[in-house]
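Here's the structure, in structure tokens; my notes come after.
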Amino acid sequence: MPERILTASQSGDNPYNVGNGAVVELEAARIAGLSEAQNKAEHVFREIVPRDLLRPAATERNVNDAVFSLANELFGISMYWHKRIVRTGVNTLESYDENPPNLTIGNDDILFLDLGPVFENWEADFGRTFVLGGDPLKHKLRHDVGAAFAEGKQYFKDRPEITRADSTRSCSQFERSYAGS
């Protein structure tokens with residue numbers, strides 16, 4: 001796998017400065033590496049619930065450390081390209097840049113994890129929302145977050161020429177459509 005050589009040029013011509021056959025090969029390798037990183041990140045997240053890493057009375061830091069150990073156990077991952085985030089309760093309202101106090105997970109809580117593991121030089125940015133307990137509104141919110149993300153991803157995929165202003169408007173429309181349902 002190539003290591004960090006895949007950067008776009010200013011002109012947008014041949015970003016790899018190699019022959020066209022090599023460009024196709026490098027792009028295929030890049031896609032394969034990113035796909036493998038995403039699959040491994042998904043695997044880590046699938047193991048979180050069966051291993052009971054998210055439970056009442058655990059702190060955000062406990063969960064963060066447990067998921068770090070899990071990723072290391074499964075794939076030897078010890079490097080992340082951004083800080084690992086585990087947030088519960090009111091901390092879920094904090095922005096990425098904030099470092100809120102370490103909260104304890106409650107019996108009927110919502111939390112999210114945002115990880116950026118590096119798999120053999122390929123970065124995966126992966127997040128999931130989890131719900132403990134039976135609150136139907138929290139379960140709906142967890143479902144809607146995933147549905148809105150998928151809908152938004154498809155929206156942007158279908159519109160490669162989208163502008164930042166269009167992006168802001170479309171995100172606001174997604175927000176209104178899910179908030180009202």
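Among residues of the stretch 102-127 being under 11 Å from residue 80 (Cβ atoms) and assigned to a loop (DSSP other than H, G, I, E, B), the one that is nearest to the chain's Cα centre (by Cα) is 125.
Reported count of residues in the stretch 128-146, each being assigned to a helix (DSSP H, G or I) and either surrounded by 13 or more Cβ atoms within 10 Å (Cβ to Cβ) or on the phi > 0 side of the Ramachandran plot (or both), is 8.
When each of 88, 129 is tested for being in contact with a strand residue (DSSP E or B) (Cβ under 9 Å, 6 or more places away or on another chain) and under 23 Å from residue 72 (Cβ atoms), the lone residue that passes is 88.
Among the residues that make up the stretch 84-104, is at least one of them among the basic types (Lys, Arg), out of contact with any Asp or Glu (no Cβ under 6 Å at 6 or more places or on another chain) and surrounded by fewer than 15 Cβ atoms within 10 Å (Cβ to Cβ)? No, the stretch 84-104 contains no residue that is among the basic types (Lys, Arg), out of contact with any Asp or Glu (no Cβ under 6 Å at 6 or more places or on another chain) and surrounded by fewer than 15 Cβ atoms within 10 Å (Cβ to Cβ).
Considering each residue of the stretch 168-180 in turn, at least one proves to be over 16 Å from residue 60 (Cβ atoms), acidic (Asp, Glu) and outside the structural domain of residue 31 (by TED's automatic domain parsing).
The values are calculated or read from the model by the stated rules, or taken from the named source; none is laboratory data. This one's a predicted model, so the numbers in the text were calculated from it and none came from an experiment. Don't worry about glycine lacking a Cβ; one is built from the backbone with ideal geometry, like all the others, and counts go over all protein chains shown.
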